[in-house]
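Below: one structure, written as structure tokens.
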Amino acid sequence: MKLSRELGNIGHELGMKHKHLRFGKGFRVSIGNARAQAAEMVIPPGDCEGGPDNRHRGADQWLFVVSGSGVAIVNGKRHPLQRGSLVLIEKGDRHEIRNTGHTLLKTVNVYVPPAYRSDGEELPRGRK
């Protein structure tokens, strides 16, 4: 118990980052550091993000579906998405995320290393 308390205090003393996700419109970088970042993405029914030429040359993308349904097309192969789905899109994979459902598709995306600036613009490969 004492060790647990001490570790908790260390995290607090170091100023642990945290964020309450609101899932507004579109894509938004939520939180990150020099090694990784998280972003929220909301796709309306019938819409999509990415495309056949979309890829992250310098980062892996972990996509977790919070709500909704759709399909991830990764390197030409279709993967169904539903609440609770977790997909690893490795750096260099061409990908598109489509909302095939009737409600908003809400996802949390983790990029390792960071792939975007805080304003949502993609970083050049190997840059912070």
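Okay, here's what the table says:
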| item | result |
| --- | --- |
| Options Ser85, His20, His95, ranked by Cα towards positive dipole end of the chain, top entry (Cβ charges) | His20 |
| The chain, dipole about Cα centre (Lys/Arg Cβ +1, Asp/Glu Cβ -1), debye to the nearest 20 | 180 debye |
| Protection-proxy order for peptides 95-106, 79-90, each taking the mean of Cβ atoms within 10 Å per residue, highest first | 95-106, 79-90 |
| Identified option (computed P(r) over Cα pairs in 5 Å bins from 0, in percent; candidates [x] 2, 11, 18, 22, 18, 12, 7, 5, 4, 1, 0; [y] 2, 7, 6, 7, 6, 6, 6, 6, 6, 6, 5, 5, 5, 4, 4, 3, 3, 3, 2, 2, 2, 1, 1, 1, 1, 1, 0, 0; [z] 2, 14, 25, 26, 19, 10, 4, 0) | [x] |
| In degrees, nearest ten, helix 2-13 long axis to first principal axis of the chain (Cα) | 70 degrees |
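Only the coordinates and a few stated rules stand behind these numbers; no lab work does. This one's a predicted model, so the numbers in the text were calculated from it and none came from an experiment. We place every Cβ from the backbone using ideal geometry, glycine too, and count neighbours over all the protein chains shown.
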